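The values are calculated or read from the model by the stated rules, or taken from the named source; none is laboratory data. Computed from a predicted structure; not experimentally measured. No Cβ is skipped: glycine too gets one built from the backbone with ideal geometry, and neighbour counts run over all protein chains shown. For accessibility, only protein heavy atoms count, side chains too; no ligands or nucleic acids. Shrake-Rupley method; radii C 1.70, N 1.55, O 1.52, S 1.80 Å.
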Amino acid sequence: MTDQRAELSWADDTIPVSDRFDDPYFSLQNGLEETRHVFLAGNDLPTRFAPGFRIAELGFGTGLNMLTVWAEWERSGQTTPLHFTSFEAYPMDPADMSRALQAFPELSDWSARFLAHWNGKTCDLGTLQVHVIQGDARQTLANWKGAADAWFLDGFSPAKNPELWESDLMAHVANHTAPGGTAATYTAAGFVRRGLDAAGFTVTRTPGYGRKRHMTRAVLD
């Protein structure tokens, strides 16, 4: 586990920017719509929702991706827990998370329920079970005993945070993906796509969100 915390600046007093990686935590255009486009649609969600569904993520950040998919989980009528595991090296303070999530009033009900119980590690909210594994994902993911039906690959830009996109880590992602499982990411960087391909995924470059021309979708063969 790490005791390192996220170091932030704020753009327009609303968007957190990582001082360490000089990159915003979500799209400057519309972070919620980007999450829906990249991580939900990119993993064919909510179409694939089923009892016991498991999602894993690289980069928990503000919790926006988790809250977005949890909202869709409940709206789709699911009553059993969605299992959400995230790997985060530099966790954000809850007060900063709360400030950032104010940008998404559509998620205010889910944000309030989550933040009221969040201890930085685990959270059981009935229809959602969250586990954030702190530390360098290159070590922590290898030791994880779980397997995901869908992956949200949401580290900072590969140009600024290449460690979270290297081929060895993509191999660990594949090793912790259920048969037929999927992965999606906003980046279409060639070395990321090659790493996923080498790990056993069938990789597709598809239209990205907003100003990003392309993103990546992957299915484990």
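Dipole magnitude for the chain: about 560 debye, using +1 per Lys or Arg Cβ and -1 per Asp or Glu Cβ, origin at the Cα centre. Distance between the C-alpha centres of the range 15-63 and the range 86-157: 10 Å, rounded to the whole angstrom. Using 0.36 nm per residue and subtracting the Cα-Cα separation, the extra length available between Ser167 and Arg5 on full extension is 55.7 nm. Under the convention that each Lys and Arg Cβ holds +1 and each Asp and Glu Cβ holds -1, the size of the dipole of the range 11-66 around its Cα centre is about 420 debye. DSSP bridge analysis restricted to the chain gives an antiparallel fraction near 50%, rounded to the nearest 5. In terms of Cα to Cα distance under 19 Å, which lysines are near enough to Lys145, apart from those fewer than 8 places away along the same chain? Counting by Cα, and skipping residues close in sequence, Lys145 has these lysines nearby: Lys121. Among the protein heavy atoms of the range 91-209, carbon and sulfur supply 50% of the accessible surface, probe 1.4 Å, non-protein parts ignored. Solvent-accessible surface of the range 155-221, averaged per residue with a 1.4 angstrom probe and all protein chains in place: 48 square angstrom.
At a Cα cut-off below 28 Å, give the lysines reachable from Lys212, other chains included and same-chain residues fewer than 8 away excluded. In chain and number order, the partners are Lys160.
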